[in-house]
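Read the structure below first, then the notes.
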Amino acid sequence: MKKQNQLLMGNEAIGQGLIEAGCQVATAYPGTPSTEILQAVIDRQGQAVEPLHVEWSVNEKIAFEVALAASYTGKRSAAVMKQVGLNVAADPFMRTAYIGVKGGMLTIVADDPGPHSSQNEQDTRLFCLQGRVPVIDPCSPAEAKELIQPAFELSEKYELNIVLRPTTRICHSRQNVSVREPIKLNRQADFQRDPTRWAATPAFLPALHRALNDNLEKVALEPDWQPRLTVGNGDYPRTALVASGIAYSNLIDLLAELQLTQAIDLYQVLMPYPLSPDFTRTLHKKYDRLLILEETYPVIELQLAHPGSKGKQNGMVPREGELTPDVMHQVLADFLDLAPPAETPTERRGQRPSLCPGCPHRAAFYSIKKCFPQGIFPSDIGCYTLGMNLGAVNTVHCMGACISQGAGFYQAYHQDEQDCPTIVVTIGDSTFFHAGIPALINAVIQQTRMIIVILDNATTAMTGGQPVPHMGIAAGNKKTKAVAIEPLVKASGVVFIETCDPYDSERFDALLKRADSYIRSPEGGVAVLISRHGCVMDPAVRKTQDSHLVTILDSCIGCEKCTGAFECPALYMDRENHVAVVDQDRCIGCGTCIPVCPVNAIVRETKP
Amino acid sequence: MKQQIIVSGIGGQGVLFLTRVIAQAAVNRGTPVLTSETHGMAQRGGTVLSTIKIGNFASPLVRTGQADIGLLLWEANLPVHQSLLRENGVWIINSPVAGSGSRIDAAQIARELGNPVLSNLVLLGLAVQQQALFCSAEECAEAIKQLAPKKFIEQNLEAFQKGMNG
Ligand code: SF4
Ligand code: SF4
């Protein structure tokens, strides 16, 4: 067997692990920190020794269901998503616990303690406890990969869906990882019809629920998945540390630094749910004091219910945020009565992120804010959340919520019979396909009057440019059927549909105003404006679009409109001379800042 | 041998590429390495931080006061990440103005080479010249050749060399 050491990101290691373990159907919807997992599978598709279908599904629920049915045929499958993606897939996920799977199925759910790039820091392990689904909590990229093959075996042994839960610090960490040849399973799709199981009605569910509970008891006792003990030297009698995931790795380094390696009994919990009853018994018998370190919710702690345990429930461990090594140092010092760490300096915030120089969303948001200074602006998840910096994003909630929230705002204002502020919803193209369509139909049939701007940049930009349904491209750049936005909007009952490049600010402004008159007219309803311009991160877009040498004349009065309200990161104020300056390293010469200047001080020359 | 390195910058400056080059140099010599990186929203021009731990470590994260060397591509991040560096730790800073640490106007050099993003490798060059890193110039050049897109290898090596010349 060829063995090789490669520098892999946690997500790449997981993708590689799926290929090596003979996964034949892999599905995902992109979302930080999970995105690179499916991308890694796509990049390695050539290494697979058996047929392998990979897809960027339209949303996580769909990704889960596609992978699920593939497993019914006896093949190995995986569905990949971020933690809030599991909320979208919750419906099929919860039932799958009862019904089970055939071929090994893994649901890989990447959590984001912190959070770094998410709308909350929910803990998938707690979700699994509620859903009664076994969950694995790896402590490093290499371990995440190593556990994939055994996880598939466990899934097949008990015919259960198994969750692998990496966190951001696993996903986006790189490590030397050993790589192997993929195994060959020689499986043919073979769906065994069994309606009492695959279509189980309530009559069959108590028995299935009982079988699930029996299986969970056995899974909890599986020898390979028991917590791993590193025995201490007795310096701290009847005391132990219990950790899982990246917190375990942080703890190892921290103990080494404090010269406490092997000074104290240390357990790594690989499978936080179902927790081994043997383990729980041992802990109750052998120890008076326990410190439990886990991200993000007290899942192990709750199940252990040890009277001497310190953790998130008694407040020794912070209940929110990441368990960074600094946080853990303080906790460990409290627990073991060590010298307190030198005071960590108050955290300073760095540069805030902003839409890229030349981003078409910036031009669209600027127009929206300018046309409707008093407007209500529900928005959504994606790069365009950063429209907040321009004051053109008032709410961000979860995928697709902006359209229904816009409708809710309308109903609440409308019933007061007061003059309703113009509601302008902004939603990205990928988000629109993900969860926007049912919300649009609902808004139409509830006779909502609002403007929806679909920010169509022809890609899923936030996560690095995954294909979207209207481009006719599938995973791995394969050609497929394109599903256009306009006919979908039309079929949802929308009458006012216009498309405009937001770089053309004059026309864009005019269309927004026309849309406003429409929604306020007797026959008005939902107006849709498709703001269409490719993402400037895409080199192909950059190649086709004009680029000018943009400079600022001495006539600049230093009003800061272009750096403030418009906020292009390629513009900054020269504080000494009170004038704006173009940072030529970052400027892409789009010219969208030109109409912003009240004194026409921003000018362009066409680059030769 | 153990070394803890941080790379600080803003999204779009090539912090990730620089991180990979250094980590690859470790892999090539068979040394264990762990990195952590910033992905997602912050990559849109916000402050990003990579950490690299060379040698026998379990966690990729660097604790306050533990970094041996800091590569700083965006000077304004200095107050944000200063506390990660240990006492007597070395800062290698991309800056046109004089001040603390070892400095080089990497942005200007990169501009002259025709691509502002290359300031990351200019900075790496200075770090190697200062013998601040665990690896040699040859090892870095080898890693750059492995990771850079083919048609940019020459330009990347040139940027690295310019940094080495100080
Ligand atoms: S032309 Fe203006 S808006 Fe476009 S990138 Fe340059 S400074 Fe920013
Ligand atoms: S908008 Fe015009 S006048 Fe105002 S700071 Fe920018 S360039 Fe100067």
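For the reader, a short list of remarks on this structure follows.
- A count restricted to segment A:308-354 and to residues that are over 30 Å from A:MET388 (Cβ atoms) and either part of a loop (DSSP other than H, G, I, E, B) or open to solvent by 90 Å² or more (accessible area, probe 1.4 Å) (or both) stands at 15.
- Check on A:ASN394, without any contact (Cβ under 8 Å) to a residue 60 or more places away in the chain, open to solvent by 10 Å² or more (accessible area, probe 1.4 Å) and assigned by TED's automatic domain parsing to the domain that holds A:ALA515: yes
- Residue in segment A:579-599 that is farthest from the other protein chains (Cβ to nearest Cβ), counting only those that are open to solvent by 40 Å² or more (accessible area, probe 1.4 Å) and near ligand 2 (Cβ under 8 Å from one of its atoms): A:VAL599
- Identity of the residue in segment A:249-268, of a type in the set (S, T, N, Q) and more than 8 Å from chain B (Cβ to nearest Cβ), that ends up farthest from A:PRO227 (Cα to Cα): A:GLN259
- Failed condition for A:THR563, given (1) within 16 Å of ligand 2 (Cβ to nearest atom); (2) open to solvent by 70 Å² or more (accessible area, probe 1.4 Å); (3) within 14 Å of chain B (Cβ to nearest Cβ): (2)
- The residue list A:GLY387, A:GLY391, A:GLY358, A:GLY400 contains one member that is more than 11 Å from chain B (Cβ to nearest Cβ) and touching a Gly at 6+ places or on another chain (Cβ under 7 Å), which is A:GLY400.
- Verdict on A:ASP91 being out of contact with any strand residue (DSSP E or B) (no Cβ under 9 Å at 6 or more places or on another chain) and either of a type outside the set (Phe, Trp, Tyr) or open to solvent by 10 Å² or more (accessible area, probe 1.4 Å) (or both): yes
- Where strands (runs of 3 or more DSSP E) fall entirely within segment B:1-118, those with at least 3 residues that are open to solvent by less than 10 Å² (accessible area, probe 1.4 Å) and either under 21 Å from B:GLU158 (Cβ atoms) or within 11 Å of chain A (Cβ to nearest Cβ) (or both) are at B:3-10, B:33-36, B:47-54.
- Within segment A:275-297, if we keep just the residues that are modelled with pLDDT of 95 or more and more than 22 Å from A:ARG238 (Cβ to Cβ), the residue that is surrounded by the most Cβ atoms within 10 Å (Cβ to Cβ) turns out to be A:GLU295.
- Filter result for A:VAL596 (touching a strand residue (DSSP E or B) at 6+ places or on another chain (Cβ under 9 Å), at pLDDT 95 or above and over 20 Å from A:PRO373 (Cα atoms)): no
- Looking only at segment A:566-578, and only at residues there that are of a type in the set (A, V, I, L, M, F, W, C) and within 9 Å of ligand 2 (Cβ to nearest atom), the one that is nearest to the other protein chains (Cβ to nearest Cβ): A:LEU571
- Residue in segment A:560-570 that is part of a strand (DSSP E or B), near ligand 1 (Cβ under 9 Å from one of its atoms) and at negative phi present: no
- Some residue of segment A:490-508 being in contact with a Ser or Thr (Cβ under 9 Å, 6 or more places away or on another chain), surrounded by fewer than 19 Cβ atoms within 10 Å (Cβ to Cβ) and part of a helix (DSSP H, G or I): no
- Applying the condition of being buried (at least 16 other Cβ atoms within 10 Å of the Cβ) and touching a helix residue (DSSP H, G or I) at 6+ places or on another chain (Cβ under 7 Å) to segment A:198-221 and asking which residue is nearest to A:LYS286 (Cα to Cα) yields A:ALA220.
- A:LEU549 being within 14 Å of another protein chain (Cβ to nearest Cβ), within 12 Å of ligand 1 (Cβ to nearest atom) and in contact with a strand residue (DSSP E or B) (Cβ under 9 Å, 6 or more places away or on another chain): no
- The residues of segment A:364-386 that are open to solvent by less than 10 Å² (accessible area, probe 1.4 Å) and over 19 Å from the mean Cα position of the chain (by Cα), listed by number, are A:ALA364, A:PHE365, A:SER367, A:ILE368, A:PHE377, A:PRO378.
- Checked against the criterion of being touching a His at 6+ places or on another chain (Cβ under 6 Å), of a type outside the set (A, V, I, L, M) and farther than 29 Å from A:LEU216 by Cα, the candidates A:PRO340, A:PRO360, A:PRO373, A:PRO318 yield just one match: A:PRO360.
- Lone unmet requirement of (1) within 16 Å of ligand 2 (Cβ to nearest atom); (2) in a loop (DSSP other than H, G, I, E, B) for A:ASP546: (1)
- Residues that are touching a residue at least 60 places away in the same chain (Cβ under 8 Å) and either more than 13 Å from A:GLY15 (Cα to Cα) or crowded, with 24+ Cβ neighbours inside 10 Å (or both) within segment A:40-53 comprise A:VAL49, A:GLU50, listed in sequence order.
The values are calculated or read from the model by the stated rules, or taken from the named source; none is laboratory data. Keep in mind it's a predicted model, so treat the numbers as computed, not measured. Glycine also receives a Cβ, built like all others from the backbone with ideal geometry; neighbour counts cover every protein chain displayed. Note: accessible area is taken over every heavy atom of the protein model, side chains too, but ligands, DNA and RNA are not part of it. Shrake-Rupley method; radii C 1.70, N 1.55, O 1.52, S 1.80 Å.
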